[in-house]
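Colleague: I am attaching a structure below and will ask some questions about it afterwards.
The values are calculated or read from the model by the stated rules, or taken from the named source; none is laboratory data. Every value quoted in this text rests on a predicted model; they were computed, and no experiment measured them. Because the Cβ atoms are built from the backbone with ideal geometry, glycine has one as well, and the counts that use them run over all protein chains shown. Just so you know, the surface numbers come from the protein's heavy atoms only, side chains and all, with ligands and any DNA or RNA stripped out. Shrake-Rupley method; radii C 1.70, N 1.55, O 1.52, S 1.80 Å.
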Protein chains: 2
Amino acid sequence: MVQIPNTPAPTPSSAPRSVPTSADVARLAGVSRATVSYVLNNTSAVRISEPTRRRVHQAAKELGYVPHAAARTLRAGHSRMVLMPAPPVPAGPLYSQFVHDFQGALSRLDYIVVQYGASGLHGDDAARAWAELRPVAVLVPGPGLGPEGVAVLKRSGARAVVTLSSEPVEGAHALLLDHAGVGRSAAGHLVARGRRRIGVVVPVEPGLKMFSVPRLAGARQAVQGTDATITELPLAYTEESAAALAARWPGLGLDAVFAYNDEYAMLLMRALQDEGVRIPEDAAVIGADDLMLGRLLRPRLSTVRIALPSGRDLAGLVDRAVRNPGAQPESHEMFEATVVHRDST
Amino acid sequence: MVQIPNTPAPTPSSAPRSVPTSADVARLAGVSRATVSYVLNNTSAVRISEPTRRRVHQAAKELGYVPHAAARTLRAGHSRMVLMPAPPVPAGPLYSQFVHDFQGALSRLDYIVVQYGASGLHGDDAARAWAELRPVAVLVPGPGLGPEGVAVLKRSGARAVVTLSSEPVEGAHALLLDHAGVGRSAAGHLVARGRRRIGVVVPVEPGLKMFSVPRLAGARQAVQGTDATITELPLAYTEESAAALAARWPGLGLDAVFAYNDEYAMLLMRALQDEGVRIPEDAAVIGADDLMLGRLLRPRLSTVRIALPSGRDLAGLVDRAVRNPGAQPESHEMFEATVVHRDST
DNA sequence: TTGAAAGCGGTACCAA
DNA sequence: TTGGTACCGCTTTCAA
């Protein structure tokens, strides 16, 4: 790891000349602040003569004037900021792609998307911190926001609150991610393929509990009324952890595993193969999320595909909600989990 | 893909009662706005009686009062916001991890980290958009910011501008990512292993040019003065593209490939193996970034490891720069690329 | 211990 | 066509 050397306090700061305001521009152009505002905002209700416009623009450029967003927001009473709290774990490929699309789509609708990283706050405290920014809409990934938090956000001016989670929250639009359905599909598939002693990987990484718990619960549902059993398998995302699990595999007496997602599945499948366990003969392995990498291993990894909302669709939902804040919160099932059967099961 | 149905404008909005301000709290508590501010900020320069404090807190809670960050910023003349423009491509695992750590570390130093997604703006226009938010510091990933943009940001109050790129920018702190060094190491390794006809994968995805171009250039440097040759290989991140490249592999007459990074390397290696090309006998393959997945394939993937700055170190740099804005901009080489030799070369 | 008031930087109404 | 000015919500002297 590269260390950045700790530079001891260097030469004292030369006082940076203070930042130019619209008053400075007005002074330099020899006009009023009002005129500056009209010119720079192209206010259509007011005609400003061409020479004046030129002088204002010239003065603004000369000073390097940049308007102060906070001042404008304060005066306007609203902003176009859509706030997305950053998730508590580093984003996976699926989520990164989604955020990227969502940002692009909202930008095109002339919103500003901001991912806000405020670790250390929880539940309603977090909601209060978000509310301080007075966003016009908030998109909350994962659980942790309660009805109280939604109320705080709405009271402070948010015209749309959208949750991206397994459970709807009172007062908020909900994009329901059916993680239990993923577990149900995966385990159901394994049972249908004749497997009976099914392991379910549960990542030990703390931020993943919100996904892994419902996936495990779904798997349990799938074996209800069959003679199949579910065994919980804690696993860290390291080769060591996978090797340790693989080493005690024979003693576990399992014939299949639902590995939380494709990444954990790959990790475990490799460790099992290195232990001489044959996939799928000795043990069927299924992942989830249908990542590219699952198609690159041999055998190809069976998986459960889930469809996140497209960034475009979601941006549309947010936009509609913002324009119509009185509307009933909508709930949308964001996907039906579907099994992609390849060679590992 | 799940479609979100387009709800036609539903019931008209019930006017949401306007958001409570500190004046409302003052009125309800029967005190002045000043007192409210003192109480809620625990101002140490002023003693407020316990009964008054209680009344203020009670009133604030009752109204669900949340302070207005923009107003505070405006009055204070500065904020603690560190701005990170979102990169133009979906974040990879390395970058996601880095951002996560960086956010956490800065949060602990009491900064607010904001990732700002403003696609569609370029160069100095983008810098102006960032400057409107009056961040106390800006961390810019990738190129695209010029000296002019740095000046705009500083003029509008940014006390630290840090670039994370291959080239330093006048006036800004620089974390130098030696992508050319990655290419040099990779190609140098292949040459040292006796390979002579070296392909270099160049992703066709547009946002990746900023990395792929210097990596390719580095590879070219490495074969200077040897009898080895470099062949550019465009590749999209799809199985089809990889299969197509693999199909014409024999005609290419290559004996090694540096595949841009581990993900492209995996993709290509698999396609080559499916075509009957033996790795590493017929073709050596090396990736970059040392991702976990490279250790899961067989043969294990050789790679070039690069050390991104740790989030903690970088947060420290930003903090120091903010506290000492007069200091000379520092440049740090963020890593020396090192080859991790495994089984694919 | 508390309150009155100025002012941060824009915007938009009303006059001129 | 342009200027004067009130005001957005909050902090912070200065007085009482």
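Colleague: On average, how much accessible surface per residue is there in segment B:22-67, in Å², for a 1.4 Å probe, leaving out ligands, DNA and RNA?
Modeller: In whole numbers, segment B:22-67 has 62 Å² accessible per residue.
Colleague: Let me ask you something else. Apply the Karplus curve 6.51 cos²θ - 1.76 cosθ + 1.60, θ = phi - 60°, to the phi angles in segment B:22-35 and return the couplings in whole Hz, x for Gly and Pro.
Modeller: 5, 5, 5, 4, 4, 4, 5, 7, x, 10, 8, 4, 4, 4
Colleague: Ignoring GluC sites (Glu not before Pro) that are buried or in helix or strand per DSSP, and keeping those with at most 11 other beta carbon atoms within 10 Å, what is the longest stretch of chain B between them?
Modeller: After excluding every exposed loop site, the longest remaining stretch is B:1-169.
Colleague: Now a separate question. Label-to-label distances across copies for B:Asp227, with labels 7 Å out along Cα→Cβ, in nm, shortest first?
Modeller: Computed spacing set for this position: 7.0 nm.
Colleague: Averaging over all projection directions, find the projected area of the Cα convex hull of segment A:22-67 and quote it in nm² with one decimal place.
Modeller: 2.7
Colleague: Name the long-range amide H neighbours of A:Arg342: under 5 Å, sequence gap of 5 or more, or other chain; modelled H, no Pro or chain starts.
Modeller: A:Ser302, A:Thr303
Colleague: Here is a further query. What is the interface area between chains B and A, defined as buried accessible area summed over both chains with a 1.4 Å probe, reported in Å² to the nearest 100?
Modeller: Buried surface at the B/A interface: approximately 7000 Å².
Colleague: How do A:Thr163, A:Thr43 stack up against each other in accessible area, from largest to smallest, with a 1.4 angstrom probe?
Modeller: A:Thr43, A:Thr163
Colleague: What residue among B:Ala242, B:Ile306, B:Gly199 has its Cα farthest toward the positive end of the dipole of chain B, where the charges are +1 on Lys, Arg and -1 on Asp, Glu, each on the Cβ?
Modeller: Looking along the dipole axis, the top candidate is B:Ile306.
Colleague: Given H placed 1.01 Å from N in the peptide plane, which residues other than close sequence neighbours of A:Val202 have an amide H under 5 Å from its amide H?
Modeller: A:Leu233, A:Leu235
Colleague: What spacing in nm lies between the two simple spin-label points modelled at B:Arg75 and B:Val213, each 7 Å away from Cα in the Cβ direction?
Modeller: Label at B:Arg75, label at B:Val213, 4.8 nm between them.
Colleague: How far apart are the A:Thr43 label points across copies, placing each 7 Å from Cα toward Cβ, in nm, shortest first?
Modeller: 3.4
Colleague: Modelling each spin label as a point 7 Å along the Cα-to-Cβ direction, I'd like the B:Ala244/A:Arg193 distance in nm, to one decimal.
Modeller: 3.2
Colleague: Here is a follow-up. Rounded if a/c is under 1.5, else prolate if a/b beats b/c, else oblate: with a ≥ b ≥ c from the C-alpha gyration tensor eigenvalues square-rooted, which is the protein assembly as shown?
Modeller: oblate
Colleague: Where the only charges are on Cβ atoms (+1 Lys, Arg; -1 Asp, Glu), what is the dipole of segment B:22-67 about its Cα centre, to the nearest 20 debye?
Modeller: Computed charge dipole of segment B:22-67: roughly 80 debye.
Colleague: Indicate the gyration tensor shape class of segment A:96-138 (rounded, prolate or oblate), computed on the Cα atoms with a ≥ b ≥ c the square roots of the eigenvalues: a/c under 1.5 is rounded; otherwise a/b larger than b/c is prolate and the rest oblate.
Modeller: Since a/c reaches 1.5 but b/c is at least a/b, the shape of segment A:96-138 is classed as oblate.
Colleague: With θ taken as phi - 60° and the coefficients 6.51, -1.76 and 1.60, list the Karplus ³J(HN,Hα) couplings across segment A:157-167 in order, rounded to whole Hz; mark glycine and proline as x.
Modeller: Per-residue couplings from phi come out as x, 5, 8, 8, 10, 10, 9, 10, 7, 7, 10 Hz.
Colleague: Quick query: amide H of A:Ala283 versus all other amide H atoms, modeled in the peptide plane; which residues come in under 5 Å with a sequence gap of 5 or more or a different chain?
Modeller: A:Arg278
Colleague: Next up: Semi-axes of the equivalent ellipsoid of chain B: what are they in whole Å, largest first, if each equals the square root of 5 times a C-alpha gyration tensor eigenvalue?
Modeller: With the √(5λ) rule applied to chain B, the semi-axes are 52, 24, 17 Å.
Colleague: Further question on the same structure: Please list, in order, the residues from segment A:143-175 whose amide nitrogen is less than 15 Å from a point placed 7 Å along the Cα→Cβ vector of A:His122.
Modeller: A:143-146
Colleague: Separate question: What does the charge add up to near B:Val213, with Lys and Arg as +1, Asp and Glu as -1, over the other residues with Cβ less than 13 Å from its Cβ?
Modeller: 0
Colleague: Averaged over peptide B:237-245, how many Cβ atoms belonging to another chain are found within 10 Å of each residue's Cβ?
Modeller: Per residue, the number of nearby Cβ atoms from other chains is 1 on average.
Colleague: In whole percent, how big is the carbon plus sulfur part of the accessible area of segment A:179-307, probe 1.4 Å, protein atoms only?
Modeller: 52
Colleague: What shape does segment A:230-277 have by the C-alpha gyration tensor, where a ≥ b ≥ c are the square roots of the eigenvalues, rounded means a/c under 1.5, and otherwise prolate means a/b greater than b/c and oblate the rest?
Modeller: Cα axes put segment A:230-277 in the rounded bin.
Colleague: Mind listing the phi-derived Karplus ³J(HN,Hα) values for segment A:254-271, rounded to whole Hz, using 6.51, -1.76 and 1.60 with θ = phi - 60°, and x for any glycine or proline?
Modeller: For segment A:254-271, the Karplus-derived couplings read 9, 10, 6, 8, 9, 9, 6, 8, 5, 5, 5, 5, 4, 4, 6, 4, 4, 5 Hz, x marking Gly and Pro.
Colleague: Separation of segment A:18-39 and segment B:281-299 by C-alpha centroid, Å?
Modeller: Answer, in whole Å: 60.
Colleague: Would you mind pulling out the separation of the Cα centroids of segment A:140-205 and segment A:221-278, in Å?
Modeller: If we compute the Cα centre of each part, the gap is 24 Å.
Colleague: Okay, next question. Which net charge results for the neighbourhood of B:Val182, defined as the other residues with beta-carbon distances under 12 angstrom from its beta-carbon, given Lys and Arg at +1 and Asp and Glu at -1?
Modeller: Taking every other residue near B:Val182 into account, the sum is -2.
Colleague: Put +1 on the Cβ of every Lys and Arg and -1 on every Asp and Glu Cβ in chain B; which of B:Ala158, B:Asn261, B:Ala219 then has its Cα farthest towards the positive end of the dipole?
Modeller: Working it through, the farthest residue towards the positive pole turns out to be B:Ala158.
Colleague: Which FRET efficiency value, to the nearest 0.05, do you get for B:Ala34 and B:Ser331 by plugging their Cβ-Cβ distance into 1/(1 + (r/R0)^6) with R0 = 41 Å?
Modeller: Calculated transfer efficiency: 0.30.
Colleague: Something else: How far is A:Ala118 from the same spot in each other copy, in nm, shortest first, if each label point sits 7 Å from Cα toward Cβ?
Modeller: Copy-to-copy label distances at A:Ala118, shortest first: 2.2 nm.
Colleague: Does any residue of segment A:281-303 lose at least 40 Å² of accessible area with all protein chains in place compared with its chain alone, and if so which ones (probe 1.4 Å)?
Modeller: Correct list: A:Met292, A:Leu296, A:Arg298.
Colleague: Report the label-to-label distance for A:Glu62 and B:His341 in nanometres (one decimal), using points 7 Å from each Cα along the Cα→Cβ vector.
Modeller: Distance between label points: 6.6 nm.
Colleague: Compare each residue of segment B:101-129 in its chain alone against the assembly with all protein chains, and report those whose accessible area goes down by 30 Å² or more; 1.4 Å probe, heavy atoms.
Modeller: SASA drop of 30 Å² or more in segment B:101-129: B:Gln103, B:Ser107, B:Ile112, B:Val114, B:Gln115, B:Tyr116, B:Gly117, B:Ser119.
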